[in-house]
């Protein structure tokens with residue numbers, strides 16, 4: 001049953017059917033410009049501003065990795081296909097770059 005349940009003060013519930021179910025998703029936002037990151041090219045350019053470098057690990061095909069300089073041991077590992085980014089990947093990026101990125105909820 002898709003839709004929204006409404007409850008009255010008398011305890012009566014009714015289901016208001018919706019045209020479709022909205023799915024909650026996450027978006028990675030580049031804070032300085034309030035831009036939603038929609039590709040690896042955009043992400044890589046924004047990470048470079050923060051001092052991140054792309055690695056090409058031969059032992060992990062199907063992934064992209066970014067490393068932040070020699071003074072820090074942070075590593076970001078992402079799926080090679082941007083479509084397979086999950087909220088946990090976005091949170092990893094945002095947590096390691098709090099001044100540059102944030103994760104926002106969006107409806108699809």
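Read-outs: derived from the displayed coordinates by stated rules, not from any lab. As the structure is a computational prediction, the values presented were derived from the model and not from experiment. FYI the Cβ positions are ideal-geometry reconstructions off the backbone, even for glycines, and counts take in every protein chain you see.
Summary table
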| quantity | calculated |
| --- | --- |
| Selection from the range 96-105 of residues that are touching a strand residue (DSSP E or B) at 6+ places or on another chain (Cβ under 9 Å) and either farther than 12 Å from residue 27 by Cβ or surrounded by fewer than 12 Cβ atoms within 10 Å (Cβ to Cβ) (or both) | 96, 97, 100, 105 |
| Qualifying residue in the range 94-107 (condition: touching a residue at least 12 places away in the same chain (Cβ under 8 Å) and over 14 Å from the mean Cα position of the chain (by Cα)) | yes |
| Flag for residue 76 being over 15 Å from residue 27 (Cα atoms) and exposed (fewer than 14 other Cβ atoms within 10 Å of the Cβ) | no |
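Here's the yes/no breakdown for (1) surrounded by fewer than 13 Cβ atoms within 10 Å (Cβ to Cβ); (2) touching a strand residue (DSSP E or B) at 6+ places or on another chain (Cβ under 9 Å); (3) free of Cβ contacts under 8 Å to residues at least 60 places away in the same chain; (4) over 20 Å from residue 95 (Cβ atoms):
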site	(1), (2), (3), (4)
30	no, yes, no, no
39	yes, no, yes, yes
42	no, yes, yes, no
46	no, yes, yes, no
50	no, yes, yes, no
59	yes, no, yes, yes
62	yes, yes, yes, yes
66	no, yes, yes, no
81	yes, no, yes, yes
